[in-house]
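Below is one structure, written out as C-alpha cells, with a few remarks after it.
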Amino acid sequence: TQLLEQSPQFLSIQEGENLTVYCNSSSVFSSLQWYRQEPGEGPVLLVTVVTGGEVKKLKRLTFQFGDARKDSSLHITAAQPGDTGLYLCAGIFSGTYKYIFGTGTRLKVLA
Amino acid sequence: DSGVTQTPKHLITATGQRVTLRCSPRSGDLSVYWYQQSLDQGLQFLIQYYNGEERAKGNILERFSAQQFPDLHSELNLSSLELGDSALYFCASSSGAGNTIYFGEGSWLTVV
C-alpha cells in the first residue's frame, strides 16, 4: 500500500514563529504537490515539485523535494494567522495513476 | 473559481437511500477524480476516470459507483447510505496524468 505520511498532524504556534511540515513515503513520486485547505472548501494548489532536490519559494513558504523523490517539506517563515489551515501533500506514485493525498497537517497560528 | 462545478452543494438524506453527485470538469480536462473527506480527516481517493474510462480505483465501497459520460461530466452514485457516509465529496479534474489537478467546492452529504 502506498502511503503518504505527514508530520506533525497538528501544530499550534504563535505569530512570527517558523515551522516545518514533512511529507514522507516509502515509494517514489513522479510529481508532488502541496495544497492548503480551508474548512468547507476544496484544496487549493500551492506548488508542484517534480525534480529531486528541487526547492521552490512562494513568499514566506519554501518547498523542498527530497533527492530520491520520496519525501518533501514545507517551511513557513514568520507564520501569520492567515496561514492557518490544513496543509496537504499529494502526488502520483511512479508507475501508477492514483493521485494520493497525505494525512494532512492542521496548522493554527495564534495572533 | 477552479472551473470545476459540483452539484448539489449540500444534501441531507436518510439511511438506506441513494444519492447521485454530479461533477462538471474544467473545460478541456479529460481526467476526473473523486475524493471523500470525513470530518477532520484527509482526502481519501475513491476513483479516477480518463476520457470516459476508469483509470484508477482507490478505497471505494461496493455501494458506491461512478461513471464519466461522453461529455466528460461525471457522476458518483452512493447507495444504501449509512451514517458513516456523511462527508464532503470532492471532484477534481486535470488535463492528464501529471498535470495540475483542480478541485471543485465539494458536495456536503449528511446522512441522518
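Go through the range B:55-90 residue by residue and tally those that are away from chain A (no Cβ under 14 Å) and among the aliphatic types (A, V, I, L, M).
The number of residues fulfilling the criteria is 7.
Please determine whether any residue of the range A:41-58 is in contact (Cβ under 8 Å) with a residue 24 or more places away in the chain, outside any strand (DSSP E or B) and not small (Gly, Ala, Ser).
Taking every residue of the range A:41-58 in turn, at least one turns out to be in contact (Cβ under 8 Å) with a residue 24 or more places away in the chain, outside any strand (DSSP E or B) and not small (Gly, Ala, Ser).
Given A:45, A:107, A:86, A:74, which one is touching a Phe, Trp or Tyr at 6+ places or on another chain (Cβ under 7 Å) and within 11 Å of chain B (Cβ to nearest Cβ)?
Numbers: A:107 fails: within 11 Å of chain B (Cβ to nearest Cβ); A:86 fails: touching a Phe, Trp or Tyr at 6+ places or on another chain (Cβ under 7 Å); A:74 fails: within 11 Å of chain B (Cβ to nearest Cβ).
Step by step, each of A:45, A:107, A:86, A:74 is checked, and only A:45 is touching a Phe, Trp or Tyr at 6+ places or on another chain (Cβ under 7 Å) and within 11 Å of chain B (Cβ to nearest Cβ).
Can you name the residue in the range B:1-43 that is of a type in the set (A, V, I, L, M) and either over 15 Å from the mean Cα position of the chain (by Cα) or outside any strand (DSSP E or B) (or both) and, of all such residues, is nearest to residue B:110 (Cα to Cα)?
Within the range B:1-43, the match that is nearest to residue B:110 (Cα to Cα) is B:12.
So how many residues does the range A:3-38 have that are surrounded by 15 or more Cβ atoms within 10 Å (Cβ to Cβ), assigned to a loop (DSSP other than H, G, I, E, B) and within 12 Å of chain B (Cβ to nearest Cβ)?
Number of matching residues: 1.
Take residue B:56 and tell me if it is more than 22 Å from residue B:1 (Cα to Cα), without any contact (Cβ under 8 Å) to a residue 12 or more places away in the chain and either part of a strand (DSSP E or B) or aromatic (Phe, Trp, Tyr) (or both).
Values: more than 22 Å from residue B:1 (Cα to Cα): yes; without any contact (Cβ under 8 Å) to a residue 12 or more places away in the chain: yes; either part of a strand (DSSP E or B) or aromatic (Phe, Trp, Tyr) (or both): yes.
Against the criterion (more than 22 Å from residue B:1 (Cα to Cα), without any contact (Cβ under 8 Å) to a residue 12 or more places away in the chain and either part of a strand (DSSP E or B) or aromatic (Phe, Trp, Tyr) (or both)), residue B:56 qualifies.
So which residues in the range B:42-53 are out of contact with any strand residue (DSSP E or B) (no Cβ under 7 Å at 6 or more places or on another chain) and either under 21 Å from residue B:17 (Cβ atoms) or touching a residue at least 40 places away in the same chain (Cβ under 8 Å) (or both)? Don't jump to the end; show me each part of the working.
Going through the range B:42-53, the residues out of contact with any strand residue (DSSP E or B) (no Cβ under 7 Å at 6 or more places or on another chain) turn out to be B:51, B:53.
Listed by number, the list is empty, since nothing qualifies.
Let me confirm something: among A:17, A:54, which residue is among the acidic types (Asp, Glu) and within 30 Å of residue B:1 (Cβ to Cβ)?
On the way: A:17 fails: within 30 Å of residue B:1 (Cβ to Cβ).
Every option except A:54 fails the conditions.
Quick one: would you say residue A:41 is surrounded by fewer than 17 Cβ atoms within 10 Å (Cβ to Cβ) and either within 27 Å of residue B:39 (Cβ to Cβ) or within 12 Å of the chain's Cα centre (by Cα) (or both)? Write out each step before concluding.
On the way: surrounded by fewer than 17 Cβ atoms within 10 Å (Cβ to Cβ): yes; either within 27 Å of residue B:39 (Cβ to Cβ) or within 12 Å of the chain's Cα centre (by Cα) (or both): yes.
Yes, satisfied.
Bear in mind that the values in this text are calculations on the coordinates, not laboratory data. Just so you know, these numbers come straight off a predicted model, no measurement behind them. With ideal geometry, Cβ positions are generated from the backbone for all residues, glycine too; neighbour counts draw on all protein chains shown.
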